[in-house]
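Everything on this sheet refers to the single structure shown next.
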Amino acid sequence: MLELKNVSFSVSDEVNGRELGIIDNISLTLEEGKFYVITGPNGGGKSTLARLIMGIEKPTAGQILFNDEDITNLSVSERAKKGIGYAFQQPPRFKGMTVRRLLSLAHGHDLPEDECCAYLTKVGLCSMDYLNREVDTSLSGGEVKRIEIATLMAREPQLAIYDEPEAGIDLWSFTMLVESFRMERNSNQKGSTVIISHQERIMQLADELIVVADGKVRTRGSKDEVFPTLLGEFDRKCGLRGNEEVQ
Amino acid sequence: MLERYDFNLLDKIADLSYLPENTAYNIRKNGLSAERKVTETVDITTKTDKPGIDITIKPFAKDETVHIPVIITESGHAETVYNDFYIGEGAVVTIIAGCGIHNSGCDESRHDGVHRFFIGKNAQVKYVEKHYGDGDGTGGKMMNPATKIYMESGSLCEMESVQIRGIDSTKRTTDAVLADNARLVVTERLMTHGEQVAESEMTVELNGSGASAQIISRSVAKDTSSQVFFPNAVGNAACRAHIQCDSILMDNAKIRSVPAITANHPDAQIVHEAAIGRINNDQLLKLMTFGIDEQEAENIIIEGFLK
Ligand SMILES: Nc1ncnc2c1ncn2[C@@H]1O[C@H](COP(=O)(O)OP(=O)(O)OP(=O)(O)O)[C@@H](O)[C@H]1O
Ligand SMILES: [Mg+2]
């Protein structure tokens, strides 16, 4: 369904003008109907990879194909219309926008109250209290984050990418969220879900785990293969850094 | 004297698509009083020394509504109108004002409204004012409202002003004087486009202990329009005031905000917050991930911001 071909992304460092590589020649295929979890160390390039797929950033080299169509030069809204969706790691707030309106905009047309409530329940929000609240600074960080996740669920895209949905979310809502993702995984045959996460309970849902570090795909495979190697992987990495400093 | 088209304007500025049946109103059209109705509790009389009306609300009147819209449909009509509101002790009233100019000619049409509010003890006033201009003529549409509010102890005044479309030039001054425990809430929403110019000067004097004021101003400036704000809060007693100005800047527009806050009493608490900036890029991107194109996303953000 989605294919990245030798995708690289770099920015020019404003201080010294040098190119700073962030994504380094990633090739990756995601298949229809599968549930992927991307993990890896902070700053490894996970969000950047998601933003490249959504079109928020444009690759400096390489190609992105969606359903065999080259979408590398398509805008964010064009990709959204084709079926890609992305829930931000740090969602923005909107003055004067109610939760209900935001969900409706995500869905593409006016959502009746009960459907809005159903989406909010999936992220553990007691819906009636929230429908007419504004998505502004009066909401807590965890509330905004959960509304963000609900908007992507309301969008029902063919490819849904959630960026650290667990961040800042309390224990009770997290349990609810994992349950919703599990249901999504079991019911959604056509669509694919990618979750960027550091949480073991989310990784347990994965058909496939992808480890991104230093702008590259370090490993990918079934959770049983990859998960046990994870901690060792990063221990080694830290060890290497230590050695470099000694030399 | 009112024609069908007049109700288009009246609807835009005062939500009047027909004349109200049970409440008082005074509709002014091209400098003359076109329609008037008074009730037991609301009296409206024409001033004898200058153009304008006196509106008197009886003490302890409950949930009264008064409409006093002004429309100008004659190109080149210019006027200064003096309206005084006397709100009796303990009265609760909603006043819907507003001015609409339809100018299809080439001469400048202008309405300068000078309003004074004398708000009695514990009275509660909600004042809503919308400004709107249309017409394809080349003549300018100008409005310069000047408002003075005198608030007695324990009174409440919520003032909402909206100017979203069509006024080429506006200079607004608002002055309020608050006695003890009076509360003033001003919400101002403004959008300018083309080469429009808007200026707003607001002074709030909090003279009584327990007085409080909240001023919320939201504006959007598009094209090459410009806006200037001079909010000024003076605390002369143990009081609280909060001024919040938020502006979105687009295209080559300019916005200037020059706040002043003064505390003349050790227990005066006065806060001013102001922010001017472009539309937040993450907000735009978020809406674009819903399949909405950039222009439409901008409109949605602005519409919410000015709501
Ligand atoms: N526009 C940019 N300019 C400069 N540096 C950037 C830019 N975008 C990303 N980076 C850098 O690229 C690296 C990867 O960032 P990214 O946000 O993709 O990491 P991540 O894997 O999502 O990390 P986390 O787990 O902390 O969310 C970071 O070091 C970040 O500082
Ligand atoms: Mg990230």
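The values are calculated or read from the model by the stated rules, or taken from the named source; none is laboratory data. All of these numbers come straight from a predicted model, not from anything done at the bench. Neighbour counts are summed over all protein chains in view; Cβ atoms, including those assigned to glycine, are modelled from backbone coordinates with ideal geometry. Heavy atoms of the whole protein, side chains included, go into the accessibility calculation; ligands, DNA and RNA do not. Shrake-Rupley method; radii C 1.70, N 1.55, O 1.52, S 1.80 Å.
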Single residue of region B:274-307 satisfying the filter (part of a loop (DSSP other than H, G, I, E, B) and within 25 Å of B:H242 (Cα to Cα)) that is farthest from the other protein chains (Cβ to nearest Cβ): B:R278
Looking for whichever is within 14 Å of ligand 1 (Cβ to nearest atom) and over 30 Å from A:T121 (Cα atoms) here; the options are A:I64, A:I22. Which one fits? A:I22
I'd like to know if region B:185-196 contains one or more residues that are in contact (Cβ under 8 Å) with a residue 24 or more places away in the chain, in a strand (DSSP E or B) and over 18 Å from B:K307 (Cβ atoms). no
Just to be sure, is A:E156 open to solvent by 20 Å² or more (accessible area, probe 1.4 Å) and either under 21 Å from A:G45 (Cα atoms) or of a type in the set (A, V, I, L, M) (or both)? no
Within region B:213-222, take every residue that is of a type outside the set (A, V, I, L, M) and open to solvent by 10 Å² or more (accessible area, probe 1.4 Å) and give me the one that is nearest to the chain's Cα centre (by Cα). B:R218
For the subset of region A:102-135 comprising residues that are part of a loop (DSSP other than H, G, I, E, B) and under 22 Å from the mean Cα position of the chain (by Cα), which member is farthest from ligand 2 (Cβ to nearest atom)? A:G108
State whether one or more residues within region B:82-105 are at pLDDT 90 or above, among the hydrophobic types (A, V, I, L, M, F, W, C) and touching a helix residue (DSSP H, G or I) at 6+ places or on another chain (Cβ under 9 Å). yes
Evaluate the following for A:R155: is it within 14 Å of another protein chain (Cβ to nearest Cβ), of a type in the set (D, E, K, R) and closer than 24 Å to A:L205 by Cα? yes
Quick one: in region A:32-43, which of the residues that are open to solvent by 20 Å² or more (accessible area, probe 1.4 Å) and away from ligand 2 (no atom under 16 Å from the Cβ) is farthest from A:G21 (Cα to Cα)? A:G33
Under the condition of being more than 16 Å from ligand 2 (Cβ to nearest atom), open to solvent by 10 Å² or more (accessible area, probe 1.4 Å) and among the β-branched types (V, I, T), which residue from region A:44-101 is farthest from A:A150 (Cα to Cα)? A:T60
Consider region B:234-273. How many of its residues are closer than 19 Å to B:D223 by Cβ and within 14 Å of chain A (Cβ to nearest Cβ)? 2
